[in-house]
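Here's the structure we're looking at; comments come further down.
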Amino acid sequence: MSWLSDVFQKGGPFFIVNTFFLAIVIGLIVERSIYFLGRGHLNAKAFLEQLRKLLSANNVDRAKKLCDATTAPVARVAKAGLNRLHRGEAAVAQAMEETMTDTLPEVKTRIGALWSLANICTLIGLLGTITGLIRTFASLGDANPADRQKKLSDVAVLAAFSLRFENLLAEGAPAAAGAAARAPAAPSDELVGG
């Protein structure tokens, strides 16, 4: 577990904050998954097919019982329409719209929080990156000129490798293998003054 404490120590306060938000996001995703796979889950196509068969047989009471068998929002909307079936098409449409308006907040619960947390985490990560760059360049300013050149060359080699690796991943492994062979070589220590 010492590697974990090293990661948090090197990551700094912004890494810790982002890890905290990650835990919250995972909790929200698990909660919404439980809702959509549990209470809110319903095979809508099969459900509507069963309703169609029952209604074509003029069995409205069994259709209502089918809607009562689940707590899914789709079933509640269907039942609202079935309850006003005797009042005409306009009453059915109005009842279904009202029920949809009532059930929509339940379905969308905490989805806005996920969007907000995604934006917050992105900004915290950016703030951490900027802070890291400031620390890096501050430490380079304290070094003697020979060490500074060596450190900058190490960063340049790492950046060149990262760029090539990113291009390799973007192009796909088989196509990128040929492109990597054609790419210019990374700066060596001899070229950078090492």
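The values are calculated or read from the model by the stated rules, or taken from the named source; none is laboratory data. The structure presented is a predicted model; accordingly, all values stated were derived computationally and were not measured. Glycine also receives a Cβ, built like all others from the backbone with ideal geometry; neighbour counts cover every protein chain displayed. In case anyone asks, the SASA skips ligands and DNA or RNA and just uses the protein heavy atoms, side chains included. Shrake-Rupley method; radii C 1.70, N 1.55, O 1.52, S 1.80 Å.
Considering segment 49-73, and only residues there that are of a type in the set (S, T, Y) and modelled with pLDDT under 90, the residue that is most open to solvent (accessible area, probe 1.4 Å) turns out to be T71.
For segment 76-90, filtering for residues that are in contact with a Lys or Arg (Cβ under 8 Å, 6 or more places away or on another chain) and more than 16 Å from T103 (Cβ to Cβ) leaves 0.
Considering segment 65-164, the qualifying helices (runs of 4 or more DSSP H), each wholly inside and each with 2 or more residues that are without any contact (Cβ under 8 Å) to a residue 12 or more places away in the chain, run over 89-108, 111-142. For segment 19-35, filtered to residues that are surrounded by 13 or more Cβ atoms within 10 Å (Cβ to Cβ) and closer than 17 Å to G112 by Cα, the residue that is farthest from the chain's Cα centre (by Cα) is Y35.
On the given criteria, is R148 out of contact with any Asp or Glu (no Cβ under 7 Å at 6 or more places or on another chain), farther than 23 Å from F14 by Cα, of a type in the set (D, E, K, R) and modelled with pLDDT of 80 or more? Here the answer is no, as R148 does not meet what is asked.
Looking across segment 90-112, the residues that are open to solvent by less than 100 Å² (accessible area, probe 1.4 Å) and either among the charged types (D, E, K, R) or closer than 19 Å to T71 by Cα (or both) come down to A95, M96, E98, T99, M100, T101, T103, L104, P105, E106, V107, T109. Scanning segment 7-18 for residues that are open to solvent by less than 70 Å² (accessible area, probe 1.4 Å) and over 16 Å from the mean Cα position of the chain (by Cα) yields a count of 6.
Put simply, of L127, L123, L104 the only residue that is modelled with pLDDT of 90 or more and under 30 Å from F36 (Cβ atoms) is L123.
Considered as a group, the residues in segment 36-48 that are open to solvent by 70 Å² or more (accessible area, probe 1.4 Å) and assigned to a helix (DSSP H, G or I) include one that is nearest to L85 (Cα to Cα), and that residue is L48.
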